[in-house]
Amino acid sequence: MAKRGGFPGGMPGNMNNLMKQAQKMQRQMEENQKALEEKEFTAAAGGGAVEVTISGKREVTKVKLSEEVVDPDDIEMLEDLIVAATNEALRKVEEEAASVMSRFTGGLGGLGGGLPF
């Protein structure tokens with residue numbers, strides 16, 4: 001017969017451990033998120049003619065253009081190179097964020113994968 005106010009088999013102790021682990025995991029995720037936000041990701045397009053740097057907060061922090069790519073008669077090409085470099089830098093941020101998250105969700109079989117709720 002179960003004790004009043006608890007679960008049979010010492011479940012409250014296991015629940016406390018689970019809560020502590022969840023809090024620890026949350027702190028680690030917050031620390032990793034902060035570290036990611038402090039990083040910078042640079043990508044180039046046009047053989048290095050255009051470089052774009054983006055912070056881990058997904059904000060463009062720098063655009064570098066080579067002189068030879070600045071052609072007033074071909075602004076479309078320059079615009080395309082800026083877009084390409086920006087998208088590549090954003091992809092690098094997403095890749096890093098996914099890598100950080102997989103460290104936490106990898107042992108869970110996917111987010112909520114083996115959880116009963």
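The values are calculated or read from the model by the stated rules, or taken from the named source; none is laboratory data. Everything numeric in this text was worked out from a predicted model, so none of it was measured. Neighbour counts are summed over all protein chains in view; Cβ atoms, including those assigned to glycine, are modelled from backbone coordinates with ideal geometry.
Can you list the strands (runs of 3 or more DSSP E) found entirely within the stretch 27-68 that contain at least 2 residues being out of contact with any His (no Cβ under 7 Å at 6 or more places or on another chain), more than 17 Å from E96 (Cβ to Cβ) and of a type outside the set (A, V, I, L, M, F, W, C)?
Details: elements: 40-45, 50-55, 60-65.
Those strands (runs of 3 or more DSSP E) span 60-65.
With respect to D80, is the statement that it is outside any helix (DSSP H, G or I), modelled with pLDDT of 90 or more and out of contact with any Ser or Thr (no Cβ under 7 Å at 6 or more places or on another chain) true?
no
Only one of L115, L90 is among the aliphatic types (A, V, I, L, M) and modelled with pLDDT under 85. Can you tell me which?
Every option except L115 fails the conditions.
Only one of these conditions is not met by N16: (1) loosely packed, with under 14 Cβ neighbours inside 10 Å; (2) in contact (Cβ under 8 Å) with a residue 40 or more places away in the chain; (3) more than 15 Å from the chain's Cα centre (by Cα). Which number is it?
Checking N16 against (1) loosely packed, with under 14 Cβ neighbours inside 10 Å; (2) in contact (Cβ under 8 Å) with a residue 40 or more places away in the chain; (3) more than 15 Å from the chain's Cα centre (by Cα), the one that fails is (2).
Using the structure shown, decide if Q23 is touching a residue at least 60 places away in the same chain (Cβ under 8 Å) and either surrounded by fewer than 15 Cβ atoms within 10 Å (Cβ to Cβ) or part of a helix (DSSP H, G or I) (or both).
No, not satisfied.
Assess whether A35 counts as being exposed (fewer than 12 other Cβ atoms within 10 Å of the Cβ), modelled with pLDDT under 90, on the phi < 0 side of the Ramachandran plot and of a type in the set (A, V, I, L, M, F, W, C).
Numbers: exposed (fewer than 12 other Cβ atoms within 10 Å of the Cβ): no; modelled with pLDDT under 90: yes; on the phi < 0 side of the Ramachandran plot: yes; of a type in the set (A, V, I, L, M, F, W, C): yes.
So A35 fails the test.
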